[in-house]
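The values are calculated or read from the model by the stated rules, or taken from the named source; none is laboratory data. On a predicted model such as this, the values are computed, not experimentally measured, just so you know. Here the Cβ is made from the backbone with ideal geometry for all residues, glycine too, and neighbour counts use every protein chain on show.
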Amino acid sequence: MKNLLRHAVTAVLFGLVAFLVAACTGVQSPPGSTSTSGSSGVKPSSPFDPTTTAPPPGLDGPLLAYRAADEIGVVEGTNVIATAKGAFTPSNDLLSTEDGHFVFARTVDNQLATIDVRNRRGATRPIPVGPTLGTAGGSAIVWWEQPNRLMRLDLADTAATPQVMQTVDLPPVPQAGDPRLIVARGGTVVLARVETAPSPFGGPDTLYAVRGPGAPTSLGQADANSPVSVARLSPDGAALVYALYRATGDACGTAAVAQSDADGTQQTFDVAGADPAAGSRITKLWWPNEGPPKLSLTTWRCGQPQTDPPVVWQLTGDQIAQVSPPTSALQTAEVAPGQRALILPHSGGYAEPAGALVFEESSRRIPIKDDVDAIAVLEPSP
């Protein structure tokens, strides 16, 4: 009995020593075990998975995309984690694919700059694109090619080339102008075309919605004498908001915003007073993944420099009102509860379409990047 007890104690002590030696020397457990030893701390999901490198990071939390004069970028917290260099002009194009996997923008020479958010790699693809870029589900983007072709490119396929997504023939109208893509998102494409003798300011536009292979649906003539250039679709593509500018002269006019449902029912909101000596324009429109559409409105005295910063408004139900708390910015984005990003206009340059991107938390504002004209929140991958 004593011998058996001695052997048992010896076996236990030997096992304990072996465990301590393995722990001190960093010896890894065999594949398939539950050990997390090693520098990566990544547990393989299968005995056949490599353990030397971790997979490309996914979207673990909301990120922020931006377009600046010299680059597009992705921000995590207050750190820029990926960029694609280039020269970019301010525009109202969408900035990210619908799955959040890519950030994209057209350069000044109509090339395509992209960032793969998952591996944080930026690139410029030698692919000529149209003057306005939209999205078409997943990682696909679209643009218009005259006279009647909607082009599509899947950014997830590095070897992909542009393909004709569909041809769209608008109703024949004598002396009508060329169709233009205004916005595309959530399976809906919105086109604009001048169909009457144009005003001295280039409008009015007649709008059409295209959803799937069916015939275009007329949304009627825009109630403005200048072209529609600022527009957004809801995430599901079922509703449209677009800015109107009713010019009264070369340097003055008044703004309004129209909201249209899929069946063409429209409602128009004036966003400025009836003062004939005051000018107003919608600088930017955006429709977050959650919540109502928002816009930034600039106002000035006709014939005088713009001295007031843009103010953020939102459409809620049957009314338009300033956001609470009141915010002066070119664009805002709710990144997380209690955290938001803002594009702040340059002091003394309120008429400029770009400003300084800052991250706001409580009363702190941390600068991120200057000369930014657009931002978008990238939601975590499903």
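Can you tell me which residue among 124, 132 is under 27 Å from residue 209 (Cβ atoms), of a type in the set (Ser, Thr, Tyr) and in contact (Cβ under 8 Å) with a residue 12 or more places away in the chain?
Step by step, each of 124, 132 is checked, and only 132 is under 27 Å from residue 209 (Cβ atoms), of a type in the set (Ser, Thr, Tyr) and in contact (Cβ under 8 Å) with a residue 12 or more places away in the chain.
In segment 345-360, which residues are within 22 Å of residue 287 (Cα to Cα) and surrounded by fewer than 21 Cβ atoms within 10 Å (Cβ to Cβ)?
Once the filter is applied, which keeps residues that are within 22 Å of residue 287 (Cα to Cα) and surrounded by fewer than 21 Cβ atoms within 10 Å (Cβ to Cβ), segment 345-360 yields 352, 353, 356, 358, 359, 360.
Are any residues in segment 365-382 under 18 Å from residue 62 (Cβ atoms) and either of a type in the set (D, E, K, R) or in a strand (DSSP E or B) (or both), and if so, which ones?
366, 368, 369, 372, 374, 375, 376, 377, 378, 379
Go through segment 240-285 and count every residue that is farther than 22 Å from residue 189 by Cα, touching a Leu at 6+ places or on another chain (Cβ under 8 Å), at pLDDT below 85 and surrounded by fewer than 20 Cβ atoms within 10 Å (Cβ to Cβ).
1
Looking only at segment 330-359, which residues are more than 23 Å from residue 90 (Cα to Cα), outside any loop (DSSP other than H, G, I, E, B) and not small (Gly, Ala, Ser)?
Hit for segment 330-359 is 339, nothing else.
For the structure I just gave you, tell me whether residue 89 is crowded, with 16+ Cβ neighbours inside 10 Å and either part of a loop (DSSP other than H, G, I, E, B) or of a type in the set (Val, Ile, Thr) (or both).
No.
Output the residues belonging to segment 135-157 that are surrounded by fewer than 22 Cβ atoms within 10 Å (Cβ to Cβ) and without any contact (Cβ under 8 Å) to a residue 40 or more places away in the chain.
Across segment 135-157, the qualifying residues are 145, 146, 147, 148, 149, 151, 152, 154, 157.
Can you find even one residue in segment 315-336 that is hydroxyl-bearing (Ser, Thr, Tyr) and without any contact (Cβ under 8 Å) to a residue 12 or more places away in the chain?
The answer is yes; a qualifying residue exists.
Need a quick list: strands (runs of 3 or more DSSP E) entirely within segment 242-311 having at least 3 residues that are hydroxyl-bearing (Ser, Thr, Tyr) and out of contact with any His (no Cβ under 9 Å at 6 or more places or on another chain).
Fully inside segment 242-311 and qualifying: 294-301.
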